[in-house]
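Below: one structure, written as structure tokens.
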Amino acid sequence: MNATNATEIATPAIAVRARWAVAAAFFINGFITGSWAPQIPLLLTRLDISEFVLGLLILVFGLGALTAMPFSGYLMTKRGSRPVVIGFAWIVVFALLLVALAPNVWVTALTMFIFGGSIGAMDVAMNANAVAVEKRLSRAIMSSSHGFWSLGGFAGGALGGIIIQNFGHLPHALFATVVAAAMTAFALRHLIGEDKPVAHEHRHFRLPRLPTIYLVGIMALFSMIPEGAVLDWAALYLKQELGADIATAGFAFAAFSGIMALMRFLGDGVRNRFGAVNTLRFSALLAASGMLSAGLAPNPWIAIAAFAMCGLGVANMVPIAFSAAGNQPGVVPNIGMSVVTTMGYSGILVAPSAIGFVAGHTGFAPIFVTLSGFLVVVSLIAGLARHADFRAVAQAAPAE
């Protein structure tokens, strides 16, 4: 059993420290991911590669994440979420530096796979740990935890560009590594473990037979495909189809992500007051309205406002889906989290490439209109999120 065992977790001070420790885990993951973004353009010149090869390297990052996510679920059936978060966090800490030090494209591909894998595996484990903290505190913390990820991504991206411009890519990677290492060493030791070793509940990793966990996975997937579409294609849509200049086009994702981060810090209070199902249903309809309006927008500024509305809605959808996954009756929490996060993150890591291919034939406006339909589907199946509420957790049957 972990040092922070079930009897210790009953202490309010330990539960509060655990809440901030999991927030730190989300921040670290987001900070390193955000720090990677300003490093991307440098790979073109540093490795003397084409944009096509760069795209393949980014795909390797995504494949690493999707490969490691189920493995993280397997490890948690043996050890619980706490050691898995800490173990992969230490790989994440040094992963960006490994990429920055890679001397050629083949070594870079290997380090990108490790980078994506460690980010993805840590992501699954820290979401599972956040569910454990929600149970201890008897209140929602998932939305604000994702808010800390967004805050970390913003800090990493904003500081990264400044440091790279003034000192170069290696000093920047060293800086990000030192910051993340200090936070990992100081904060993550306060993470909690589950009530009892998860391996006692379920000795072998196997995919759940309960179909509802896959429906929750579809809910997460349909929530994250629009996020990936805005991340990768909104600026191009504004520039090519609505005639925006480059500076204006950049506001599309900035408005989306900024409003989303703010709402994630407010989202737990909303969810605690109105319940997960009502919050998810309204959020999905709000996001659908924003996405539809963006696809039908007559000019760039209306599209930017529409993307901001979409971010307001999307903000709490994925955190609620993840809480529902970790609290699904009849499914071991860490395995349910592994399934749903893998399905959900494929919406950001894989779907955007397919969107780009289709948009090459249809344009982006029809794509955004179609994605609004995905969000309506989430609203229609929002009842699947009823187990995300901590009250439902207390009544849920033990996992098999």
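The values are calculated or read from the model by the stated rules, or taken from the named source; none is laboratory data. Model, not experiment: these values are computed from the prediction. In this analysis, Cβ positions are derived from the backbone assuming ideal geometry, glycine residues included, and neighbour counts consider all displayed protein chains. The protein model used for the area step is the full one, side chains on, heavy atoms only, and it has no ligands, DNA or RNA in it. Shrake-Rupley method; radii C 1.70, N 1.55, O 1.52, S 1.80 Å.
Miscellaneous remarks
- Some residue of segment 247-263 being under 12 Å from GLY313 (Cα atoms) and surrounded by fewer than 19 Cβ atoms within 10 Å (Cβ to Cβ): yes
- Test: residue in segment 116-124 that is closer than 28 Å to ILE163 by Cα and either of a type in the set (S, T, N, Q) or over 15 Å from the mean Cα position of the chain (by Cα) (or both): yes
- Test: SER145 is at pLDDT 85 or above, open to solvent by less than 50 Å² (accessible area, probe 1.4 Å) and either of a type in the set (D, E, K, R) or within 18 Å of the chain's Cα centre (by Cα) (or both): yes
- ALA89 being farther than 21 Å from HIS190 by Cα and either assigned to a helix (DSSP H, G or I) or touching a helix residue (DSSP H, G or I) at 6+ places or on another chain (Cβ under 7 Å) (or both): no
Conditions tested, residue by residue: (1) over 28 Å from LEU137 (Cα atoms); (2) part of a helix (DSSP H, G or I).
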{"position": "GLY157", "(1), (2)": "yes, yes"}
{"position": "GLY160", "(1), (2)": "yes, yes"}
{"position": "ASN166", "(1), (2)": "yes, yes"}
{"position": "THR184", "(1), (2)": "no, yes"}
{"position": "ARG189", "(1), (2)": "no, yes"}
{"position": "GLY193", "(1), (2)": "no, no"}
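- Residue within segment 42-54 that is open to solvent by less than 80 Å² (accessible area, probe 1.4 Å), charged (D, E, K, R) and farther than 21 Å from GLY157 by Cβ present: no
This table checks each residue for (1) of a type in the set (Val, Ile, Thr); (2) open to solvent by 50 Å² or more (accessible area, probe 1.4 Å); (3) modelled with pLDDT under 80.
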| residue | (1), (2), (3) |
| --- | --- |
| GLN165 | no, yes, no |
| PHE175 | no, yes, no |
| GLY193 | no, no, yes |
| LYS196 | no, yes, yes |
| HIS200 | no, yes, yes |
| MET219 | no, no, no |
| PRO226 | no, no, no |
| ALA244 | no, no, no |
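- Residue that is nearest to the chain's Cα centre (by Cα), among those in segment 328-344 that are closer than 17 Å to ARG136 by Cβ and open to solvent by less than 10 Å² (accessible area, probe 1.4 Å): MET337
- Matching option when the condition is of a type outside the set (S, T, N, Q), modelled with pLDDT under 90 and under 19 Å from the mean Cα position of the chain (by Cα), among ALA354, ALA392, ALA325, ALA396: ALA325
- Among the conditions (1) over 21 Å from the mean Cα position of the chain (by Cα); (2) open to solvent by 50 Å² or more (accessible area, probe 1.4 Å); (3) β-branched (Val, Ile, Thr); (4) at pLDDT below 85, the only one that THR370 does not satisfy is (4).
- Applying the condition of being touching a Ser or Thr at 6+ places or on another chain (Cβ under 8 Å) and of a type in the set (Val, Ile, Thr) to segment 108-125 and asking which residue is least open to solvent (accessible area, probe 1.4 Å) yields VAL124.
- Put simply, of THR67, THR77 the only residue that is open to solvent by 40 Å² or more (accessible area, probe 1.4 Å) and under 15 Å from ILE335 (Cα atoms) is THR67.
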